[in-house]
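The values are calculated or read from the model by the stated rules, or taken from the named source; none is laboratory data. Since we're looking at a predicted model, the values are computed, not measured. Quick reminder, even Gly has a Cβ in these numbers, built from the backbone with ideal geometry, and neighbours come from all protein chains shown. With ligands, DNA and RNA removed, areas are computed over all heavy atoms of the protein, side chains included. Shrake-Rupley method; radii C 1.70, N 1.55, O 1.52, S 1.80 Å.
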Amino acid sequence: MESGRATLLKEQQLKDQFDNLEKHTQSGIEFVERYSKFVKERSDIEISYAKQIRNLSKKYQPKKNSREEEENKYTSCRAFLSTLNELNDYAGQHEVIAENLTSQIITELSRYLTELKAERKSHFHDGRKAQQQIESLWKQLESSKRRFERDCKEADRAQQYFERMDADINVTKADVEKARQQAQMRHQIAADSKTEYSNYLTKFNQEQNEHYYTLIPNIFQKLQEMEERRIERVGVSMKTYAEVDREVLPIVGKCLDGMTKAAESIEPKTDSKQVVESYKSGFEPPGDVEFEDYGPGQTMKRTVSETSLSNSRGEAKERPGGGKSKGKLWPFIKNKNKSPKQNKEPLSNRFNEFMASKPKMTCLRSLRRGLSLKLGSGPEDFSHLPPEQRRKKLQAKIDDINKDIQKEMDQKDALTKMKGVYEKNPQMGDPASVDPRLVEMSMNIEKLQSEVQKFEGWLAEVEGRLPSRSDPPRRQSGLYESQNSNSTMVDNNCAQDRESPDGSYTEEQSSETQVKVAIANTPEFDDEFDDGDEETLPTIGTCKAVYSFEGHNEGTISVTEGELLFVIEQDKGDGWTRVRRNEEEEGYVPTSYVEVFLETNTKGAMTYI
């Protein structure tokens, strides 16, 4: 009985140990999952931080065709641009951190957790199986023991009954014999139960020894090794976590060094020289102010030197009728000598003089150019700029067009060679398929060459008229040129225009309105002005009709499929493109009906729509 109780106590203790180990190993798995979640959240933070850094860098990148892009010629702006680029690379290193954390820790721990759970489940399954087996053997042993005990008691009772029957003289011999046989049978059954109990006992003892000294220790050893590997893997992951950050430190240091180098590359003197070079006008400084005697019996004439800084202001004060000038001073623009104020003349007389004098059309063209500049579109020849700035713009335009010509010529040479290959080997392609493209390129080259000649002519004009002490002023800013020193000035309603370097005018809006009304009401002047000064809109590219278009509405033009046309105005968002067939035929076509090839931009890349 004592041995059985000890066995039951050990079984209960063993079961409790399994429960404790199961709880401990489960908490270990949960710890690994928690650490993996921590690393994943750190990776998400790195990705979010890198994204915000990239957005910040992109936000402050200079916009194309903007003032910020023009300012990149200054060392401070280039240094800031380099800093933004380095910051973008810096953000890339944080993305590398996130990527390495995911691939080297999160993915590996996820795979390891799957293996760990499977191994833990297998070990506890083996332990539960061994425990169930020993419990089953114990039950069998207890059952055979109880059966042996019962059979022994039955045999004793049968033996006592036989002895009573044998001593009783009243019992027949047959009954005695029957009781004796029954007693012998019971003794045999008890002997068999004893043998079975002995066998079960031997087997149980063997299994119990193997269970406690072999199976359970092996299972516990495997669980211990599993737990040690888990702890070791967590340590390796923590070390990798630190190494991932350490690996990017050299590149992060290079990014910071690049920012420092960019800051050290700022040259204030170079930037200031570039500012001087950019805004150098080429105009002459104003001349000396003349002395005006105001002696006895003399009246001081309120005349002002042609180069006086207060020319505009004095002129405004002399005008009667309350007409105010805008008060803009253009100190580096030379004007012809103005006579003192004379009696006013009617506006119609001044227009009659314009009709009779052909050279004065130059002033009207200047007026029209100035009015167009007020609407925000500068002249093609950059005449609204000072001489030096105009020369730079023209030279840059010529260089860009020459690059475009060279690119078109290279493409044309390549197509010519391709056509030659097709002619020699017709199976490779149809030579005629290249002809439309060659014709288009030839037209583009001719157009670009004419553009170059036009700009070179303007450049030669500017270079031949760069300011010097002996040269006359480059541009006449007055609307009405004086024929001699005694010519009269127009009243406030037709005041002399003063054109600023940016092409704007300083006369009042009422003067401009009256001038435009008078021009519109003069038929001869209108025809002559349109014939002499109306410029055809320049082409900005070519297009090929993809579909035929009838063009019945006013302002549209009919095209046929495959027809090549010149583009003179891009689609403004209303779905129509303005094209030209020749000098007289032009109009609008649906943008979706044509394939547009715009002019090459400053980088020499063709834009296709």
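Numerical summary
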| read-out | value |
| --- | --- |
| Ser433-Glu30 pseudo-label distance in nm [points 7 Å out on the Cα-to-Cβ vector] | 7.2 nm |
| Label-to-label distance, nm, for residues given as Val252 and Ser265 (7 Å Cα→Cβ offset) | 2.4 nm |
| Amide proton proximity set for Glu563, modelled H, under 5 Å, gap of 5+ | Ala545 |
| Accessible area in the full protein assembly, largest first, 1.4 Å probe, for His94, His125 | His125, His94 |
| Accessible surface ranking that places the most exposed of Tyr161, Tyr279, Tyr422, Tyr588 first, with a 1.4 angstrom probe | Tyr279, Tyr161, Tyr588, Tyr422 |
| Filter on Lys73/Lys397; Lys261/Lys403; Lys261/Lys393; Lys280/Lys393; Lys64/Lys393 - keep pairs with C-alpha separation over 24 Å | Lys261/Lys403; Lys261/Lys393 |
| Directionally averaged shadow of the stretch 79-208, computed from the convex hull of its alpha-carbon atoms, nm² | 12.2 nm² |
| Stretchable slack from Glu550 to Tyr294, in nm (0.36 nm times residue separation minus alpha-carbon distance) | 84.4 nm |
| Overall form of the stretch 189-299 per C-alpha gyration tensor (a/c, 1.5; a/b vs b/c) | prolate |
| Accessible surface, 1.4 Å probe, highest first, among residues Glu292, Glu463 | Glu463, Glu292 |
| Cut-off under 5 Å, modelled amide H: who pairs with Gly541 long-range | Val567, Glu599 |
| Count of Lys pairs (Cα-Cα under 30 Å; at least 8 positions apart or interchain) in the stretch 150-228 | 7 |
| Residues of the stretch 402-444 with amide N under 15 Å of the 7 Å Cα→Cβ point at Thr536 | 443-444 |
| The stretch 152-193: radius of gyration and largest Cα-Cα distance (Dmax), Å | 10.5, 35 |
| Cα-only Debye scattering, the stretch 206-270: base-10 log of I(q)/I(0) at q = 0.12, 0.18 Å⁻¹ | -0.62, -0.81 |
| Val96 - accessible surface, heavy atoms, 1.4 Å probe, Å² rounded to 10 | 50 Å² |
| Added length on full extension, which subtracts the Cα-Cα distance from 0.36 nm per residue, Gln184 to Asn72 | 28.2 nm |
| Förster-model FRET efficiency, 45 Å R0, Gln411 and Tyr279, C-beta, rounded to 0.05 | 0.70 |
| Viscosity 0.890 mPa s, temperature 25 °C, Stokes-Einstein D of the stretch 395-451 from Kirkwood C-alpha radius, µm²/s | 201 µm²/s |
| Scattering profile of the stretch 53-153 at q = 0.15, 0.20, 0.21, 0.22 Å⁻¹ [log10 I(q)/I(0), Debye over alpha-carbon scatterers] | -0.82, -1.00, -1.04, -1.07 |
| Where a label projected 7 Å from the Cα of Gln133 along Cα→Cβ would reach, residues of the stretch 214-249 with amide N under 20 Å | 214-224 |
| Label-point separation in nm, Asp574 to Lys51, each point 7 Å along Cα→Cβ | 4.2 nm |
| Area accessible to solvent at Val439, 1.4 Å probe radius, in Å² | 80 Å² |
